[in-house]
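Here the structure comes first, spelled out in structure tokens, and everything after it is commentary.
The values are calculated or read from the model by the stated rules, or taken from the named source; none is laboratory data. Quick caveat: nothing in here was measured; it's all calculated off a predicted structure. Here the Cβ positions follow ideal geometry from the backbone for every residue, glycine too, while neighbour counts run over all protein chains shown.
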Amino acid sequence: MNLLSVVHGEDTRTDLFGPVAAEAGHRLEEWSFGWGTPPPQPLQAYDAILVFGGAIHPDQETLHPWLHDELHWLQGLLEERVPMLGICLGSQLLARAAGSWVAPLPEPEIGWHQVELTEEASSDPVLSALPPRFDALEWHYYGHGLPEGAVALARNPAALQAFRLGETCWGMQFHPEVTEPQLEHWIADKADPPPDPERLLEETRTRIAAWNELGRRLCRAFLLAAGERP
């Protein structure tokens, strides 16, 4: 398959998922609407899309006018049932493209927080790769509703954590793609500091290896599901 990773920042790229895609024999390219450059191939040439996170928010078209173009493109992909996996900001953009509300949470969710799969997730081709309960790395200020016709796949007290729309679109608020070096850059960013940076660093060093293995399993499951689409 030809895969496109749509990124929204230098520290939110395809470091973990890229090698998984390559090992499975797929070609993956990265691109951003915010770069102001043409994509590596025409956008319709890609068989599946990964939509990653970033420091921006899904309703900031005034600051980032290219968000209009990205949302319009995502709406077209939903109509065409192109396989997509959205993470954090990516999930928020997919939910918004599908007509859901997207808004700031009462409190941001940052750090390691427990997530629980729904009953429907046990038969989902992607989320069933994860255990029924797990501690997930979270870093998001916004939440979103469940798009019309979608299935909730994971929740916690803070927010809806994952959904599937139709048979080809998945969104998740947690970060299965993040690596330790990426997270270290996030924590060191003085423009967006976490509540307790030292504790988060310590927890990350304990948890990240197991978390990355779950991320690889999730990525493989998505690639398998995307490859089975007629």
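Of all residues in the stretch 206-224, exactly one satisfies the criterion of being exposed (fewer than 12 other Cβ atoms within 10 Å of the Cβ) and farther than 17 Å from D15 by Cα, namely T206.
Beta carbons closer than 8 Å, at least 6 apart along the sequence or on distinct chains, pair a first residue in the stretch 175-201 that is on the phi < 0 side of the Ramachandran plot and of a type in the set (G, A, S) with a second that is assigned to a loop (DSSP other than H, G, I, E, B) and surrounded by 13 or more Cβ atoms within 10 Å (Cβ to Cβ) for A191/A55.
Can you tell me which residue is surrounded by the most Cβ atoms within 10 Å (Cβ to Cβ) among those in the stretch 1-36 that are out of contact with any strand residue (DSSP E or B) (no Cβ under 8 Å at 6 or more places or on another chain) and part of a helix (DSSP H, G or I)? Here the answer is V20. Of all residues being out of contact with any Asp or Glu (no Cβ under 8 Å at 6 or more places or on another chain) and closer than 25 Å to V20 by Cβ in the stretch 181-199, which is surrounded by the fewest Cβ atoms within 10 Å (Cβ to Cβ)? Just the residue, please. Per the criteria, the residue is E184. Residues in the stretch 64-103 that are assigned to a helix (DSSP H, G or I), within 23 Å of E177 (Cβ to Cβ) and not hydrophobic (A, V, I, L, M, F, W, C): E70, G90, S91, Q92, R96.
Could you tell me whether the stretch 133-149 includes any residue that is among the small types (G, A, S), out of contact with any Phe, Trp or Tyr (no Cβ under 7 Å at 6 or more places or on another chain), at pLDDT 95 or above and on the phi < 0 side of the Ramachandran plot? Taking every residue of the stretch 133-149 in turn, at least one turns out to be among the small types (G, A, S), out of contact with any Phe, Trp or Tyr (no Cβ under 7 Å at 6 or more places or on another chain), at pLDDT 95 or above and on the phi < 0 side of the Ramachandran plot. Residue count for the stretch 151-202, restricted to those that are part of a loop (DSSP other than H, G, I, E, B) and closer than 19 Å to V51 by Cα: 10. Determine if the stretch 39-55 includes at least one residue that is closer than 30 Å to D196 by Cβ, under 15 Å from the mean Cα position of the chain (by Cα) and not hydrophobic (A, V, I, L, M, F, W, C). Yes. In the stretch 67-84, the residues that are buried (at least 20 other Cβ atoms within 10 Å of the Cβ) reach residues that are of a type in the set (K, R) and in a loop (DSSP other than H, G, I, E, B) with C-beta atoms within less than 6 angstrom, at least six apart or across chains, in these pairs: P83/R229. Check whether at least one residue in the stretch 132-140 is more than 21 Å from A221 (Cβ to Cβ), in contact (Cβ under 8 Å) with a residue 24 or more places away in the chain and touching a His at 6+ places or on another chain (Cβ under 7 Å), and report yes or no. Yes: one or more hits. Just one of (1) surrounded by fewer than 21 Cβ atoms within 10 Å (Cβ to Cβ); (2) small (G, A, S); (3) modelled with pLDDT of 95 or more fails for G227. It is (3).
Of the residues making up the stretch 97-107, none is more than 13 Å from the chain's Cα centre (by Cα), within 24 Å of R220 (Cβ to Cβ) and of a type in the set (A, V, I, L, M, F, W, C). Quick check, is N156 more than 23 Å from D47 (Cα to Cα), touching a His at 6+ places or on another chain (Cβ under 9 Å) and surrounded by fewer than 21 Cβ atoms within 10 Å (Cβ to Cβ)? So N156 passes the test. The residue that is surrounded by the most Cβ atoms within 10 Å (Cβ to Cβ), among those in the stretch 37-63 that are of a type in the set (A, V, I, L, M, F, W, C) and in a loop (DSSP other than H, G, I, E, B), is A55.
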